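Here's the structure we're looking at; comments come further down.
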Amino acid sequence: MRYEPAAMPPPPGGGQPAVRALGRAIAHTHPELLSMKGGFGCYNHRFIKGTTTWSLHAEGRALDVGVPAGQGNIAWDLACELVEHRVVYGTMRVIWDGHIWTTERRDEWQKLQAKTPQHHDHLHIEVFWASARRAATIQSELEAALSRSRP
């Protein structure tokens, strides 16, 4: 599938139903991470930092999950789960710890360019529109899948 950039300008609204549900599922299955708390969440009507390109947060299709110090391995486990089961979650792109995975290069994690924010304190997740609009009832399905992926 091809990457779906944010619309110009993004439609008004808030976090998309399945993106909010994914955040709640992560909060439930990975309580040591900071999903849907404080400055982390999905909706933020803004440009990508340092650019005039709309962020997927402006459409409510991106989710940031805070990663406290010492929880990097758990964040990597979650990132890999989101990639491995991308069809279930609708995962389009994941950025974490100086690396990016995108649907356009499905078989590899790439290092971020030095000028790009490195995402060492949070996991950034982007989803396709078709998945983002799914009903919030997906939360139980996501929680079950994420729970199965935990050791």
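Yes or no: residue 48 within 11 Å of the chain's Cα centre (by Cα), among the aliphatic types (A, V, I, L, M) and under 27 Å from residue 13 (Cα atoms)?
Taking the combined requirement at face value, the residue does not satisfy it.
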Q: Find all pairs meeting these conditions: Cβ atoms under 7 angstrom apart; at least six residues apart or on different chains; first residue within the range 83-112 and without any contact (Cβ under 8 Å) to a residue 60 or more places away in the chain and charged (D, E, K, R); second residue in a loop (DSSP other than H, G, I, E, B) and surrounded by 12 or more Cβ atoms within 10 Å (Cβ to Cβ).
A: 97/119; 97/120; 111/98
**Q.** In the range 56-95, the residues that are farther than 16 Å from residue 23 by Cβ and part of a loop (DSSP other than H, G, I, E, B)
**A.** 68, 69, 70, 71, 85
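Restricting attention to the range 28-58, report how many residues are out of contact with any Gly (no Cβ under 6 Å at 6 or more places or on another chain), of a type in the set (A, V, I, L, M) and buried (at least 18 other Cβ atoms within 10 Å of the Cβ).
Residues of the range 28-58 out of contact with any Gly (no Cβ under 6 Å at 6 or more places or on another chain): 28-33, 37-39, 41, 44-58.
Imposing the further condition that a residue be of a type in the set (A, V, I, L, M) reduces the set to 33, 48, 56, 58.
So of that shortlist, the ones also buried (at least 18 other Cβ atoms within 10 Å of the Cβ) come out as 33, 56, 58.
Number of matching residues: 3.
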Q) Going through the range 20-49 one residue at a time, which ones are among the basic types (Lys, Arg) and touching a residue at least 60 places away in the same chain (Cβ under 8 Å)? A) 20, 24, 49
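Test residue 79 against the criterion of being modelled with pLDDT under 90, farther than 19 Å from residue 5 by Cα and not aromatic (Phe, Trp, Tyr), and give yes or no. Please lay out each step first, then the result.
Details: modelled with pLDDT under 90: no; farther than 19 Å from residue 5 by Cα: yes; not aromatic (Phe, Trp, Tyr): yes.
It is false that residue 79 is modelled with pLDDT under 90, farther than 19 Å from residue 5 by Cα and not aromatic (Phe, Trp, Tyr).
The values are calculated or read from the model by the stated rules, or taken from the named source; none is laboratory data. These numbers were taken from a predicted model, which means no experiment stands behind them. FYI the Cβ positions are ideal-geometry reconstructions off the backbone, even for glycines, and counts take in every protein chain you see.
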